[in-house]
Amino acid sequence: MTILIAVLALLALAVVFGALLGFASEKFRVEGDPIVDQIDALLPQTQCGQCGHPGCRPYAEAIAEGEDHNRCPPGGEQTIQDLSDLLGREVLPLDGEADSADVKKVAFIREAECIGCTKCIQACPVDAIVGAARQMHTVIADECTGCDLCVEPCPVDCIDMIEVPPTLTTWGWSRPDGVGKTPERLINVVNLR
Amino acid sequence: MNLISVTSPHTTGPSRTQRVMAQVLLATLPGLAVLCGLFGWGSLINVVWACAAALACEAAVLRLRGKPVGFHLADGSALVTAVLLALAIPPTAPWWLTLVGVGFAIIFAKQLYGGLGMNPFNPAMAGYVLLLISFPVDMTRWLPPFEAPDLATSLQLFLGRDHGIDALTGATPLDSLRTWAGDAAALAAQPALHGTFAGLGWEWVNLAFLAGGLWLLWRRVITWHIPAALLGALALCALPFWLHDSARFASPLFHLFSGAAMFGAFFIATDPVSAATSRTGRLIYAALIGVLIWVIRSFGGYPDAMAFAVLLLNLAAPTIDYYTQPRSYGHSKPKRGIGG
Amino acid sequence: MSLLSRLLPRRRFDFHGGIHPPERKALSNGTPIRPGPMPAQLILPLTMHIGAPARPLVQVGDRVLKGEKIAEASGPVSVPVHAPSSGVISAIEPRPIQHPSGLDAPCIVLDTDGEDRWTALHPHPDFRAIPRPELLALIREAGIAGLGGAGFPTAIKLNLRDNQRIEQLILNAVECEPYITADDRLMRERAPALIRGIEILRYLVQPAETIVAIEDNKPEAIAAMRAAAEGTGIRIMTVPTKYPSGGEKQLIRLVTGKEVRSGGIPAEIGVVCQNIGTAYAVERAVVHGEPLIRRITTLTGEAFTQPGNVETLIGTPVQALLEAGGVTQPHRGRLIMGGPMMGFSIDHPMSPVVKTSNCIIAAPLTELPEPAPEQSCIRCGACADVCPAELLPQQLYWYSKAGEFDRARHYNLLDCIECGACSYVCPSNIPLVQYYRYAKAELRKQAAEHQKADRARERFEARTARIEKEKAEKEARRQARLAANRVKQAPDAAAPPAQADLKKAVNDASAAYKTAVKAAKEAEASGADNAVALRAEAERLKAHADALKANLRDAKAAGPAAPAHDDGLPALKKAVADASAAYKAAVKAMKDVEAGGDGDIDALRADTERLKAEADRLKAALRDAKAAAPAVVAAPVQEDPVAALKKAVADASSAYKAAVKAAKEAEASGDGDLDALRAEAERLKPTGSKPNCVTPRRRPRPHHHQPHRQPPRLRPPAMTRSKNATSA
Ligand code: SF4
Ligand code: SF4
Ligand code: SF4
Ligand code: SF4
């Protein structure tokens, strides 16, 4: 009899808590963006196609459908980490080689050599190149994502990927070297009397 | 001219980790002196041996981890660990006991967690607890005070030659209290319990550590929060029970001046690495240590409890920190959670 | 402010933390303010303030007078720049400026003529006669930006919303940083002018009370100000010496007990805070009509033989001030603009003094020694004890160091005022402030990247949508045309059976060819030794398909009933265009190679010749087809042969490209089969009609096994660079 009561009591408790939990999860549910949007928000939007999809959004869709989330070289480790956090998946090593270093690059057209073939315009996924047929073209550096998709199609090879130099607004202090190091930079000043 | 370019500030205060550590070491001297006076050379031998062992262990691990050995040894934290552990170990301890304790403290409790600043537990206390659990007999062989053996005997003990050591040992005040608690007549018959104002001999040890601790306070090496909260909580717990049943529970004064109370309050619990960080957090942290000490002393299986209490609260320190975040300027509430 | 609270003694407030670094003010506060040097060149950065850079109004070669406006404000948050002396504009170009980065920024360079001739000034001694908006405009036009701190345009801070009530106007004369004595000397020597300036600010802001806060380590300044403020109702308040009580937020707390909301501005809580130096600049601008062209700067540090305060022209190179102060030459040292707690090292002594430069410190290492190496944080909590923003600096440090910037932000990193108190007390010499600056810069970078990513996404989506639309339109047009054709040619839509057979044969042949090519490629990739044989087979098949195609063409041309469809012509035209493009590319490649003096030049030339021939042949075909076209009619089904042809051509050229690539990789890795591969490439080449891949590829990409990006999967895991090279 006592056992029965105990069992019943436990059962009742289980039911009550289950109901509470269910209620809470309904009541406090976070109405998030659809998962594809959330994934897309984490991708770097370079639109370079290195993940095997024609752009970041299609890759986001593919990830949502189960594709591995480690195929975006421009995003690098950080993006993989963020995606793993979002999706609750394991952190995978980057599939493919990392984009060479962190230096931001933008395309630059040597305009004197441009023959105006429009091939780069067709290649650019973000319409960052302006120009018309047989006119010289130029890159809107601010809009260029540095995907370098325009470099190959150019028949006269007049597109370079150049590093973006720091400006007063983008410059920032670097990380100190850490324990055991003196945080100091030596400047040699010659004309100081 | 060569200029150096550094982030501001371009000037720094006088406080240095090395200096902090050196001052802590200096402040232990009165305690060490009294220990030696009461129990012979054993403690001094322990301290010297422990320091050597600690430096060797630390250097070895640093080399294995590929860190600059000299740079890290110079911060003095290994020495502090060694000295604190050696002071806690009975003066009768053989060399291997100290070695095991120090080795564990330095290698496992400190370096394997990433070295200074990364260890969640107080290394000295971790080493102490390991010894206490593994070698309970060796770790409880205290000598009766005022009967200090000569240097030769101490050395023999250190080398592990058992000179009828059991004949030499005597119960500490806390041991006696444990054994006879509840029996008023027996308690009255215990000489260890009746010193000048607290447990025989140990009152002086504690007084010496109190003096060292006060010096640290005065030098601003530590703040008052942890010692005050710890001792206050210990005394406050003891008071009502002692008033209620003095045959079973010891007086607050006895608690404050027995065992490792002062030593722990000023030298162990104040270890900043493993303590809580904010001021409120430190008050809570230390008060809980005080409560735990009293509980374990009064009801637990061990006569003294500093090491256990400190380690338990080390575990709780992150949680305490979490709930004692300060409210920042311009915010109405403290920030909680891990963010991100 | 009720009368009662006015009468009651004021409560003293305090802010959390703070430190007491050695003041070292005696170095420079003993001598009166001296006039600064007249340098040969003045360098005027267009960004001396927070906000948009000013826009130059002058050109190189222009002659300007002292006080003339040479650059105008370029937006609401911006201030103009004036010529600090008369002379000639010698350059407008990037120069080293007052910035810790040591980067150059656009500056107007003025070669002084030594005459120091003023332009016409418009003083307004009776400022109360001027309506407030005009007064504000005057202040803005005088180029005044906060002289004590970051250089925020003063007129903006004074421009309140209509319904805004200001309780306290606080004049920040605290000067809590060690070493600096500019405000101290200013107050001692020019208190009446300062009080006039404060009266102007009062008139603009209409506060319930006006407080000048001075640290109690400047008794002479306090006395001078008290005397000057007599009877004006301006309160001179002493605050205890503690760094950083001069921080705006800390001072507000200290004076009023109120706190500025995180991310908010003081005006929200009814407080306006101005630097005392700004009040002086306002007085000069309004009462004397002088724009902001000079300021008081402290020259201090043990390297100066004559330290003290100078009234220096803005734009004076630091070099000139060092000379004026008689800097001896220490072997190594620090050159700091600003105070020792929050100033920054300057990389270049030709950096100019700007509106915000209140101090130049030249200190040998004996005075400000090299920082000690960073040690491990021992969590001592000293930093939290002194943080005036009540943060947990060590927590922020752990997060910043570990790169967890979001967490650092969660713990209010952005409320850190970078005062340096934490670094000052840290026993482990951790450059905490640098960690915070680094973390803040990373957060800024992340935000910028995020913004850019959003824009890229929008643009990408817009482009995708546009392409879709274009495609849809094209498709619609094609359908319409097809429908029209079908109506016209319905009776004889079907091709003659013989031709249908032929077509099928062609298709089969090209399919076979494709399979063969594929097999060959796979074999190559996996390094099978029958790759060459497979290639040969593919070649054979290709020849076969070509022959069949030729037959088909003949049949089409021959059969009068055989309809040549109208799509054929454009396709042929395209083929011709492709061929000539290929030819051109080949010519270019050839030239490149010639220039580079490479060996294959003969092969390339032959190739080029061949391409030209092919292009000519195709052109001829086109001509023929055109000639035939009028006579024949189109059937849609017959798009096929040409498409197949084109496809075959494309396949062949991809095969060729792959081969070339393999050859290059092999070359790069110095592999032995190079000759075989080259031969293979050569062999494949004649079938390709688009050899623009002969142009050297700038960036060999191992994962682009297929030269086209259509299926741009990353390289399959097994195909690494070396594998390719050895297998090929
Ligand atoms: S690889 Fe390129 S296209 Fe793919 S998700 Fe990353 S940035 Fe976007
Ligand atoms: S310009 Fe070139 S590199 Fe830049 S986004 Fe467009 S295609 Fe990519
Ligand atoms: S002052 Fe330095 S060592 Fe102490 S807690 Fe702060 S960062 Fe760590
Ligand atoms: S620099 Fe930032 S964290 Fe450090 S004391 Fe100042 S406000 Fe606090």
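Would you check which residues across region C:19-38 are within 14 Å of another protein chain (Cβ to nearest Cβ) and at negative phi and list them? So that I can check it myself, show each step before the final result.
Step one: list which residues in region C:19-38 are within 14 Å of another protein chain (Cβ to nearest Cβ), which gives C:19-25, C:27, C:37.
Within region C:19-38, C:19, C:20, C:21, C:22, C:23, C:25, C:27, C:37 meet the criteria.
Tell me the residue from C:420, C:381 that is out of contact with any Phe, Trp or Tyr (no Cβ under 7 Å at 6 or more places or on another chain), within 7 Å of chain B (Cβ to nearest Cβ) and free of Cβ contacts under 8 Å to residues at least 24 places away in the same chain, please. Spell out how you get there, then give the answer.
Values: C:420 fails: free of Cβ contacts under 8 Å to residues at least 24 places away in the same chain.
Just a single option satisfies the conditions, and that option is C:381.
Take residue C:389 and tell me if it is in contact (Cβ under 8 Å) with a residue 40 or more places away in the chain, more than 16 Å from ligand 4 (Cβ to nearest atom) and of a type outside the set (Ser, Thr, Tyr).
Values: in contact (Cβ under 8 Å) with a residue 40 or more places away in the chain: yes; more than 16 Å from ligand 4 (Cβ to nearest atom): no; of a type outside the set (Ser, Thr, Tyr): yes.
When the stated conditions are applied, residue C:389 does not pass them.
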request  = Check off (1) more than 16 Å from ligand 1 (Cβ to nearest atom); (2) at pLDDT 80 or above; (3) exposed (fewer than 13 other Cβ atoms within 10 Å of the Cβ) for residue A:93 and give me the number that stays unchecked.
outcome  = (1)
ask   = What is the number of the single condition among (1) open to solvent by 40 Å² or more (accessible area, probe 1.4 Å); (2) assigned to a loop (DSSP other than H, G, I, E, B); (3) over 30 Å from residue A:174 (Cβ atoms) that residue C:128 does not meet?
value = (2)
message = Within region C:248-268, take every residue that is in contact with a Gly (Cβ under 9 Å, 6 or more places away or on another chain) and assigned to a loop (DSSP other than H, G, I, E, B) and give me the one that is farthest from the other protein chains (Cβ to nearest Cβ).
response = C:258
request  = Hey, could you check region C:431-477 for residues that are surrounded by 12 or more Cβ atoms within 10 Å (Cβ to Cβ), more than 8 Å from chain A (Cβ to nearest Cβ) and modelled with pLDDT of 90 or more and say which is nearest to ligand 1 (Cβ to nearest atom)?
outcome  = C:443
remark   = Taking region C:293-339 and keeping residues at the interface with chain B (Cβ under 10 Å from one of its Cβ atoms) and under 16 Å from residue C:183 (Cβ atoms) leaves C:338, C:339
key: residue C:361 crowded, with 22+ Cβ neighbours inside 10 Å, more than 30 Å from residue A:124 (Cβ to Cβ) and more than 11 Å from chain A (Cβ to nearest Cβ)   = yes
ask   = What are the residue pairs meeting all of these: first residue in region B:323-335, first residue over 23 Å from residue C:245 (Cβ atoms) and part of a loop (DSSP other than H, G, I, E, B), second residue open to solvent by 50 Å² or more (accessible area, probe 1.4 Å) and β-branched (Val, Ile, Thr), Cβ atoms under 7 Å, and 6 or more apart or on different chains?
value = B:324/B:280; B:324/B:284
ask   = Any residue at all in region A:75-82 that is assigned to a loop (DSSP other than H, G, I, E, B) and of a type in the set (Asp, Glu)?
value = no
query = So, in region B:196-213, of the ones that are touching a residue at least 24 places away in the same chain (Cβ under 8 Å) and open to solvent by 20 Å² or more (accessible area, probe 1.4 Å), which residue ends up nearest to residue B:287 (Cα to Cα)?
reply = B:210
key: Cβ pairs under 7 Å, 6+ apart, first in region A:105-116 and in contact (Cβ under 8 Å) with a residue 24 or more places away in the chain and open to solvent by 90 Å² or more (accessible area, probe 1.4 Å), second of a type in the set (A, V, I, L, M) and within 16 Å of ligand 1 (Cβ to nearest atom)   = none
Residue under evaluation residue B:286, criteria (1) aliphatic (A, V, I, L, M); (2) away from every other protein chain (no Cβ under 14 Å); (3) more than 17 Å from residue B:118 (Cα to Cα), criterion not met = (2)
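State which residue is farthest from ligand 3 (Cβ to nearest atom) when the search covers only region C:413-436 and only residues that are under 25 Å from the mean Cα position of the chain (by Cα) and not β-branched (Val, Ile, Thr).
Keep residues of region C:413-436 that are under 25 Å from the mean Cα position of the chain (by Cα), which gives C:413-418, C:433-436.
Those left that are additionally not β-branched (Val, Ile, Thr): C:413-416, C:418, C:434-436.
Numbers: C:413: 14, C:414: 19, C:415: 17, C:416: 13, C:418: 15, C:434: 12, C:435: 9, C:436: 11 Å.
The selected residue is C:414.
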query = Of B:267, B:249, which residue is in a helix (DSSP H, G or I), away from every other protein chain (no Cβ under 14 Å), buried (at least 23 other Cβ atoms within 10 Å of the Cβ) and of a type outside the set (A, V, I, L, M)?
reply = B:267
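Return the residue satisfying two criteria in turn: it lies in region B:325-340 and is crowded, with 19+ Cβ neighbours inside 10 Å and not small (Gly, Ala, Ser), and of such residues it is modelled with the highest pLDDT. Before the answer, list the steps.
Let us first name the residues in region B:325-340 that are crowded, with 19+ Cβ neighbours inside 10 Å, namely B:325-326, B:328-329.
Right, trim to not small (Gly, Ala, Ser) and you get B:325-326, B:329.
Values: B:325: 85, B:326: 84, B:329: 90.
Ranking the candidates gives B:329 first.
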query = Counting only residues that are within 16 Å of ligand 2 (Cβ to nearest atom) and either within 8 Å of chain C (Cβ to nearest Cβ) or of a type in the set (Gly, Ala, Ser) (or both), how many does region A:55-78 have?
reply = 5
note = Among residues of region A:171-188 being at pLDDT 80 or above and under 14 Å from residue C:437 (Cβ atoms), the residue nearest to the other protein chains (Cβ to nearest Cβ) is A:172
query = Among B:175, B:138, which is within 28 Å of residue B:78 (Cβ to Cβ), among the acidic types (Asp, Glu) and under 21 Å from the mean Cα position of the chain (by Cα)?
reply = B:138
query = Would you call residue B:66 surrounded by fewer than 16 Cβ atoms within 10 Å (Cβ to Cβ), within 14 Å of another protein chain (Cβ to nearest Cβ) and either assigned to a loop (DSSP other than H, G, I, E, B) or hydroxyl-bearing (Ser, Thr, Tyr) (or both)?
reply = yes
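Among the listed residues B:320, B:268, B:296, identify the single one that is without any contact (Cβ under 8 Å) to a residue 40 or more places away in the chain and aliphatic (A, V, I, L, M).
Working: B:320 fails: without any contact (Cβ under 8 Å) to a residue 40 or more places away in the chain; B:268 fails: without any contact (Cβ under 8 Å) to a residue 40 or more places away in the chain.
The unique qualifying residue is B:296.
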ask   = Just a yes or no: is a residue in region A:120-133 open to solvent by 60 Å² or more (accessible area, probe 1.4 Å) and more than 12 Å from chain C (Cβ to nearest Cβ)?
value = yes
task = Give the number of residues within region C:68-79 that are surrounded by 21 or more Cβ atoms within 10 Å (Cβ to Cβ) and either among the aromatic types (Phe, Trp, Tyr) or in contact (Cβ under 8 Å) with a residue 40 or more places away in the chain (or both).
result = 4
task = Just need a number here: residues in region C:395-417 that are within 7 Å of chain B (Cβ to nearest Cβ) and of a type outside the set (D, E, K, R).
result = 3
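For region B:82-142, please list each of the helices (runs of 4 or more DSSP H) lying entirely inside it that holds at least 3 residues being buried (at least 24 other Cβ atoms within 10 Å of the Cβ), within 16 Å of ligand 2 (Cβ to nearest atom) and at pLDDT 90 or above.
On the way: elements: B:95-103, B:123-134, B:136-139.
Correct list: empty, since no element meets the threshold.
Go through A:128, A:112 for me and flag whichever is within 16 Å of ligand 2 (Cβ to nearest atom), over 30 Å from residue C:372 (Cα atoms) and of a type in the set (Gly, Ala, Ser).
Values: A:112 fails: within 16 Å of ligand 2 (Cβ to nearest atom).
Answer to the selection: A:128.
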note = If you go through B:137, B:129, B:102, the only one that is in contact with a Cys (Cβ under 9 Å, 6 or more places away or on another chain) and more than 14 Å from chain C (Cβ to nearest Cβ) is B:102
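The values are calculated or read from the model by the stated rules, or taken from the named source; none is laboratory data. Since the model is a prediction, treat every value here as computed from it, not as a measurement. FYI the Cβ positions are ideal-geometry reconstructions off the backbone, even for glycines, and counts take in every protein chain you see. Calculation scope for accessible area: heavy atoms of the full protein, side chains included, ligands and nucleic acids excluded. Shrake-Rupley method; radii C 1.70, N 1.55, O 1.52, S 1.80 Å.
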